[in-house]
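Reading through the structure tokens given below for one structure.
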Amino acid sequence: TPRSLSGMQPTSDSLHLGNYIGALVEWVRLQETHDAFYFVADLHALTVAPDPEVLRERTRITAAQFIAGGVDPARSTLFVQSHIAQHTELYWVLGTLTGFGEASRMTQFKDKSAKGTNTNVGLFAYPVLQAADILIYDANVVPVGEDQRQHLELSRDLAGRFNQRFGDTLVVPEPHIMKATAKIQDLQEPTAKMSKSAASDAGLVSLLDEPARIAKKIRSAVTDTEREIRFDEAAKPGISNLLSIHSALSGTPVATLEEDYAGRGYGDLKKDVAEVVVEAVTPFRTRTLELMADPAELDRILADGAERARAVAEATVRRVYDKVGLLRSS
Ligand code: ATP
Ligand code: MG
């Protein structure tokens, strides 16, 4: 069975609509056909210097949301990144194969370091750790949003480079990016991606928000001064984003939506998008809160996943260490 693997950072109390539509929905679908590995990327989250207690809580609630969204811990290997020490071991080896200029070209680092004040080596090396996350599990497909395409390309390059230099060792992963849903934009700034660490709270639809709050944010979404509802990302990024969200959640093709809304106003579209979103997130929210009510059970699920993940990760690092010439301790 081919293997799928992906992760999300516990950088917020709630996942947002982009994480859900761009990634989680696809994770769940891939469980049907793939041996799936999904993890909470807590080591990555350290790059934004979170409060320790907040990070712990967010790690649990992120895992709870994976399950609430449909990840089945009995079928998929669900775990926390820091529970598997081998990620950072492989990261070091891959770092020695990554060019400084190559890492400097990563746009996520450029974007995040331009916005934040905390530009640290961890943030710079983030894509290398991400490559380790992927390559350590011999992942064949990696379901992510469009924003991660460049990082995946680096993972592929590093796997290829390693194999070329040391002989066939690592699986070269394929990106799995759903064209239509891969990029959900900020409601207030529809030319930027919706992001957990986004500047404006008003632009972010958090899955655990109260329904009334979600509806209000969607009603206040930035659109344009025309009146026509049609999909045109360049000229009408706000309306196009609303159409994408509607289509992804309702399953109605964008072209059909354009016909349905011919001659109708932006207010109608917003009202319907709010309804579709609230309908999707209400059971999600209930289930997440249920899971959070029993943290011991959640920790047990994560410990179980870690055990399964560790077995694979250990074997890969052993293979890699041998190939590069590190001496075994016994
Ligand atoms: P942060 O702002 O802390 O980086 P994030 O919102 O970018 O958070 P991540 O944890 O970095 O979320 O990414 C988790 C997954 O969600 C990745 O697969 C990423 O590609 C996807 N994703 C993130 N934002 C969007 C978006 N706006 N549209 C579609 N997919 C997205
Ligand atoms: Mg991100």
Residues of region 56-70 with the amide nitrogen closer than 19 Å to a label point 7 Å from the Cα of D294, along Cα-to-Cβ, please. 60-70
Return the distance in nm (one decimal) between the two label points of a simple spin-label model at E259 and A85, each offset 7 Å from Cα along Cα→Cβ. 6.1 nm
Accessible carbon and sulfur surface of region 113-177 relative to its total accessible area, %, 1.4 Å: 49 percent
Proximal lysines to K217, defined as alpha-carbon separation beneath 28 angstrom and excluding residues fewer than eight positions away on the same chain: K112, K115, K179, K183, K193, K196, K236, K270, K271
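Using a probe radius of 1.4 Å on heavy atoms only, what accessible surface per residue do you get for region 201-330? Whole Å² is fine.
About 54 Å² of surface per residue is accessible.
Show that you can apply the helix-only estimate: for the chain, add -39,500 (n - 2.57) for every DSSP H stretch of four or more residues, divide by all residues, and state [θ] at 222 nm to the nearest 500.
On the way: 13 runs with 171 residues, N = 330.
Taken over the chain, the calculation gives -16500 deg cm²/dmol.
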Where does helix 52-68 land angle-wise versus the long Cα axis of the chain, in degrees 0 to 90, nearest 10? 70 degrees
At R0 = 41 Å, how high is the FRET efficiency between R230 and D201 if r is their beta carbon distance? Nearest 0.05 is fine. 0.90
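What stretch of the chain, leaving out the sites themselves, is the longest with no trypsin sites (Lys or Arg not before Pro) in a DSSP loop having at most 13 other Cβ atoms within 10 Å?
Numbers: sites that count: R75, R105, R227, R264, R328.
Of all site-free stretches, the longest is 106-226.
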Extending each Cα 7 Å along its Cβ direction at N118 and R161, get the distance between those two points in nm, one decimal. 2.8 nm
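Any chance you could run the full-extension gain for R287 through Y321? It's 0.36 nm times the residue separation minus the Cα-Cα distance, nm to one decimal. Mind dumping the intermediate values first?
Numbers: separation 34, 0.36 × 34 = 12.24 nm, distance 4.21 nm.
So the extension gain works out to 8.0 nm.
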Given labels modelled 7 Å from the Cα in the Cβ direction, how far is it in nm from D304 to E279? 3.3 nm
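The values are calculated or read from the model by the stated rules, or taken from the named source; none is laboratory data. Remember, predicted model here, so these are calculated numbers, not experimental data. Here the Cβ is made from the backbone with ideal geometry for all residues, glycine too, and neighbour counts use every protein chain on show. Calculation scope for accessible area: heavy atoms of the full protein, side chains included, ligands and nucleic acids excluded. Shrake-Rupley method; radii C 1.70, N 1.55, O 1.52, S 1.80 Å.
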